[in-house]
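**Student:** I have a structure I would like to understand better, so I am pasting it below and will then ask my questions one at a time.
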Amino acid sequence: EAAVTQSPRSKVAVTGGKVTLSCHQTNNHDYMYWYRQDTGHGLRLIHYSYVADSTEKGDIPDGYKASRPSQENFSLILELASLSQTAVYFCASSPARLGTEVFFGKGTRLTVV
Amino acid sequence: SQWGEENLQALSIQEGEDVTMNCSYKTYTTVVHWYRQDSGRGPALIILIRSNEREKRSGRLRATLDTSSQSGSLSITAAQCEDTAVYFCATEKVNTGNYKYVFGAGTRLKVIA
């Protein structure tokens, strides 16, 4: 079964601190994504990657960096966490072809204080 | 209808009723995905409809797609309490050499016994 594992599952960070969210997939998928979900809102794409060592900006990339060191791993980095980045973050993966399922992790709840 | 930056919509219905959720999209797509998200979990694909299908059924689910109006819908027949969840539509946006998935704002469906 396709699996996307996120760590940590929850985190409290201090404003101005650095936060790294990690994602690991065992699906052998080329594409990986980071989405943000705010309470009462849908999923918004932050960064994505379709090949190792390369990342692409999504729709809301400001304040975030991404790293894809291998096909299996994709990290989201908040260099200077801000209160407005409090949200639930989802990592996902999909095969390199259109019309296929996107597999999501269970999410990371990030609270910036 | 749900799209992008719009707030999550909310629907509350009685068990046994039929319900339809709409989705409009801004850019050309050949596939519309519908995902379901249960509380505390990541979204999971429930049905996918391609541009040449216009209608697709899976159990009590029925998806439609009208590419001319760039809109789609998801209907649930005889809703059950276990259908309570958030439902998202998603489309595929093709960039040069890669693509990404764009999710709608979602509809929070509550089915009351």
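The values are calculated or read from the model by the stated rules, or taken from the named source; none is laboratory data. Predicted model, so just to flag it, every value in this text is computed and none were measured. Here the Cβ is made from the backbone with ideal geometry for all residues, glycine too, and neighbour counts use every protein chain on show. The accessibility values were calculated without ligands, DNA or RNA, using every heavy atom of the protein model including side chains. Shrake-Rupley method; radii C 1.70, N 1.55, O 1.52, S 1.80 Å.
**Student:** Report, by residue number, each residue of the stretch B:32-45 that is in contact with a Ser or Thr (Cβ under 7 Å, 6 or more places away or on another chain) and at pLDDT 95 or above.
**Tutor:** Scanning the stretch B:32-45 gives no hits.
**Student:** Output the number of residues of the stretch A:14-50 satisfying the condition of being open to solvent by 10 Å² or more (accessible area, probe 1.4 Å) and more than 9 Å from every other protein chain (Cβ to nearest Cβ).
**Tutor:** So the answer is 16.
**Student:** What are the residues in the stretch A:2-37 that are part of a loop (DSSP other than H, G, I, E, B), under 21 Å from residue B:43 (Cα atoms) and in contact with a Leu (Cβ under 9 Å, 6 or more places away or on another chain), if any?
**Tutor:** Passing the criteria: only A:8.
**Student:** A further question on this structure: Being at the interface with chain A (Cβ under 9 Å from one of its Cβ atoms), part of a strand (DSSP E or B), surrounded by 13 or more Cβ atoms within 10 Å (Cβ to Cβ) and of a type outside the set (Asp, Glu) is the filter here, so list the residues in the stretch B:80-113 that pass it.
**Tutor:** Listed by number, the residues that qualify are B:86, B:88, B:90, B:94, B:98, B:99, B:100, B:101, B:102, B:103, B:108.
**Student:** Tell me, which residue of the stretch B:29-66 that is of a type outside the set (A, V, I, L, M), within 14 Å of another protein chain (Cβ to nearest Cβ) and farther than 22 Å from residue A:37 by Cα is most open to solvent (accessible area, probe 1.4 Å)?
**Tutor:** Out of the qualifying residues, it is B:52.
**Student:** Shifting gears a bit: Please specify each residue of the stretch A:73-113 satisfying the condition of being open to solvent by 20 Å² or more (accessible area, probe 1.4 Å), under 13 Å from the mean Cα position of the chain (by Cα) and more than 14 Å from chain B (Cβ to nearest Cβ).
**Tutor:** A:73, A:75, A:77 - these are the residues of the stretch A:73-113 that are open to solvent by 20 Å² or more (accessible area, probe 1.4 Å), under 13 Å from the mean Cα position of the chain (by Cα) and more than 14 Å from chain B (Cβ to nearest Cβ).
**Student:** For residue B:41, all conditions in the list (1) within 26 Å of residue A:49 (Cα to Cα); (2) in contact (Cβ under 8 Å) with a residue 40 or more places away in the chain; (3) not β-branched (Val, Ile, Thr) hold save one; what is the number of the exception?
**Tutor:** Single failed check for residue B:41: (2).
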